[in-house]
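Worksheet: the structure to be examined is printed underneath.
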Amino acid sequence: MSPFELPTREEKAGYVHRQFERIARRYDLTNDVISLFMHRLWKRRAVDMLAAKSDGSYLDVCCGTGDLALTIARRLCPQASVTGLDFSANMLAVAQDRQRRAQAESRLLCPINWRQGDAQALPFADDTFDGAIISFGLRNLTDLSAGLKEMARVVRPGGKVVNLDLGRPSLPLFSPVFAVYFQQVVPLIGALLQGDRQSYTYLPRSLATYPPPSTLTAMFQEAGLADVRWLSLALGSVALHRGTVV
Ligand SMILES: C[S@@+](CC[C@H](N)C(=O)[O-])C[C@H]1O[C@@H](n2cnc3c(N)ncnc32)[C@H](O)[C@@H]1O
């Protein structure tokens, strides 16, 4: 495959897995730089949408290095329980290091279970969690609908399913600037910080196969989620969806 070709459906899971295994160590730094630290604010907003109870149990799907799981664990300490699931062992290793460091610095966290597994076939029984959340993960799945249905399946009725991912900026002045930044500058940042231009070329290109917010709303509904709402963040470049399990 040439460096700038999107993987086929058959290749996608292996391609994405190899990519995150490669970039895990400097993933957080690169995220901060690419988003100008704004991903931290978006993720806090996403956790707000979970409407978490202090004694609930929550699942962070495609948790990566654990930003959402750690945020929930900090907020809901000490009673809640949090599970972070990802298929990349290297991303999970960084998440565990971050948890250990937070605990060593006496930053209080509720218990976190890290699980290696596939977001499209979650290794949990029906109705296990009070809510499930995913950020910048859904776009990477081979079967987005299967991922949404799995989150809806493992959450108890009344619980929320929240997704934070790329949107579609449409403001006349902003959208061309965003396109240049995302398609030209982001791969350069990836090359500079990660020595991996290919992964950060895949990032903007992965938007080509990811549905716009209105289509994603319909997919939430098809997954059996009710009361589906979405918010546009960062001038439309990011979208935050939430649905309720019935
Ligand atoms: C862009 S990262 C997002 C990480 C984290 N949620 C964040 O917002 O920083 C996408 C993550 O999804 C994981 N991933 C992709 N496909 C997956 C799958 N089928 N099952 C589990 N994890 C998957 C990758 O390993 C990676 O850690």
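Here, each number is a calculation from the coordinates, and none is a lab measurement. Here the structure is a predicted model, which means the values were calculated and not measured. In this analysis, Cβ positions are derived from the backbone assuming ideal geometry, glycine residues included, and neighbour counts consider all displayed protein chains.
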(message) What does the C-alpha gyration tensor say about the overall shape of the stretch 104-171? Classify as rounded when a/c is under 1.5, otherwise prolate if a/b is larger than b/c, or oblate.
(response) oblate
(request) Under 14 Å from the Cβ of Arg156, count the other residues' Cβ atoms, weight Lys and Arg +1, Asp and Glu -1, and hand me the total. (result) -1
(message) Quick check: residue separation of Ser145 and Arg115 times 0.36 nm, minus the Cα distance between them. What number comes out in nm?
(response) 8.7 nm
(message) Could you tell me the relative contact order of the stretch 115-246? Use alpha-carbon pairs under 8 Å, at least six residues apart, and round to a whole percent.
(response) 29
(request) Taking the Cα centre of the stretch 116-246 as origin, work out the dipole magnitude from +1 charges on Lys and Arg Cβ and -1 charges on Asp and Glu Cβ, in debye rounded to 20. (result) 360
(message) Expected output is a single nm value to one decimal: the length gained when fully extending between Asp127 and Glu222, i.e. 0.36 nm times separation in residues minus the C-alpha distance. What is it?
(response) 32.4 nm
(request) Distance between Cα centroids, the stretch 85-122 to the stretch 35-65: provide it in whole Å. (result) 14
(message) Going by amide H atoms built from the backbone, whose H comes under 5 Å of the H on Arg115, apart from near neighbours?
(response) Gly84, Leu85, Asp86
(request) Can you bin the stretch 101-246 into rounded, prolate or oblate? Criterion: square roots of the alpha carbon gyration tensor eigenvalues sorted a ≥ b ≥ c, rounded for a/c under 1.5, prolate for a/b above b/c, oblate for the rest. (result) oblate
(request) Counting helices only, and only those DSSP H runs with n ≥ 4, report the 222 nm mean residue ellipticity of the chain as the sum of -39,500 (n - 2.57) divided by its residues, in deg cm²/dmol to the nearest 500. (result) -12500 deg cm²/dmol
(request) Mind giving me the nanometre distance, one decimal, between the label points for Gln183 and Asp97, set 7 Å out from Cα along Cα→Cβ? (result) 3.5
(request) Please report, to two decimal places, log10 I(q)/I(0) for the chain at q = 0.09 Å⁻¹ as given by the Debye formula with identical point scatterers on the Cα atoms and no solvent. (result) -0.36
(message) Could you list Ile34, Ile112, Ile133, Ile189 so that the one with the fewest beta carbons within 10 Å of its beta carbon is first and the one with the most is last?
(response) Ile189, Ile34, Ile112, Ile133
(message) Quick check: convex hull over the Cα atoms of the stretch 171-215, volume per residue in Å³, rounded to an integer?
(response) 72
(message) For Leu192, Leu141, which order do you get if you count the other beta carbons within 10 Å of each Cβ and list the fewest first?
(response) Leu192, Leu141
(request) Would you please classify the overall shape of the stretch 1-131 from the alpha carbon gyration tensor, given that a ≥ b ≥ c denote the square roots of the eigenvalues, rounded means a/c under 1.5, and beyond that prolate means a/b larger than b/c while oblate covers the rest? (result) prolate
(request) Post the alpha-carbon centroid distance, the stretch 186-246 to the stretch 132-150, in whole angstrom. (result) 10
(request) Provide the percentage of antiparallel DSSP beta bridges, counting only those with both residues in the chain; round to the nearest 5. (result) 40
